[in-house]
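Reading through the structure tokens given below for one structure.
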Amino acid sequence: LRPMQDLDLLVKMDDLTRVEKKLIDMGYIPRATRADDETSHFHFLYHPPDSANLPVEIHWNIVRPTSPYIIDMDELWKRTRLAKIVGADVLVMSPEDTILHLCLHTAHVHLFDAGLRSCLDISEIIRHYRGELDWDQVQHRTRQWLADKCVYLVLHLTQKLLGASVPDEVLGALRPDD
């Protein structure tokens with residue numbers, strides 16, 4: 001629904017070498033420097049062989065290891081679901097994990113520098129999954145991930161500015177005391 005600058009691909013650490021080889025076999029060119037130290041959550045940015053494709057950034061976590069958030073990636077992987085994208089079967093994060101990831105990405109990683117784009121993404125996810133979104137799980141994982149402030153703020157803005165169907169009781173439960 002909107003332009004993208006790159007494609008973020010989440011892979012398990014054990015699959016990094018295999019994914020890296022596949023991208024190189026497809027003609028992608030790795031960036032000169034690796035970002036695989038203990039402070040990073042991504043490995044390489046691969047540039048496409050032509051301008052018709054997006055650069056691909058391989059991630060093994062959705063936050064930096066040095067972030068204040070605690071995300072159990074094994075559990076996140078267990079909650080993935082099968083989807084079809086451009087005719088290919090792929091795993092995608094659960095809608096609840098996707099919303100939480102976008103909240104963290106918006107508030108913590110980008111400090112709201114992308115304007116309303118992430119809020120629009122969240123609003124569209126809420127609309128698309130309206131009958132199956134488990135708001136209790138959103139609240140539970142928010143607390144597990146220690147992400148109350150980020151999630152509350154982004155969901156509050158998404159509801160107030162875009163009219164997204166974020167239940168008031170969810171916002172009330174996530175609202176920090178301070």
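The values are calculated or read from the model by the stated rules, or taken from the named source; none is laboratory data. For clarity, every value in this text was computed on a predicted model and none was experimentally measured. Cβ sites come from the backbone with ideal geometry, for glycine too, and all protein chains shown count toward neighbours. With ligands, DNA and RNA removed, areas are computed over all heavy atoms of the protein, side chains included. Shrake-Rupley method; radii C 1.70, N 1.55, O 1.52, S 1.80 Å.
Worth pointing out:
- For segment 68-157, GluC sites (Glu not before Pro) are listed when DSSP marks them as loop and at most 15 other Cβ atoms sit within 10 Å of their Cβ; the list is Glu132.
- Ordered from highest to lowest accessible area with the whole protein assembly present and a 1.4 Å probe, Val63, Val90 read as Val90, Val63.
- Rough spin-label spacing in nm, given labels placed 7 Å along Cα→Cβ, for Asn61 and Lys160: 3.2 nm
- Sequence-separation-based contact order of the chain, relative, with Cα cut under 8 Å and 6+ spacing, percent: 16 percent
- FRET efficiency, 1/(1 + (r/R0)^6) with R0 22 Å, evaluated for Leu91 and Gln5 via beta carbons: 0.45
- Tilt relative to the chain, helix 135-144 - C-alpha long axis, 0 to 90 degrees, to 10: 70 degrees
- Antiparallel DSSP beta bridges within the chain, as percent of all bridges there, nearest 5: 70 percent
- Calculated accessible area for the chain comes out at 60 Å² per residue, all protein chains present (probe 1.4 Å; ligands, DNA, RNA ignored).
- A simple charge model with +1 on the Cβ of Lys and Arg, -1 on the Cβ of Asp and Glu and nothing else charged puts the dipole of segment 61-138 at about 220 debye relative to its Cα centre.
- Here the Kirkwood formula puts the hydrodynamic radius of the chain at 17.5 Å, using every distinct Cα pair.
- Angle of helix 148-162 to the longest C-alpha principal axis of the chain, folded into 0 to 90 degrees and rounded to 10: 80°.
- C-alpha long axis of helix 16-25 to longest principal axis of the chain, angle in °: 60 degrees
- Value at 222 nm in deg cm²/dmol, rounded to 500, when DSSP H runs of n ≥ 4 in the chain each add -39,500 (n - 2.57): -11500 deg cm²/dmol
- For the pair Met73 and Arg117, label points projected 7 Å from Cα toward Cβ lie 2.4 nm apart.
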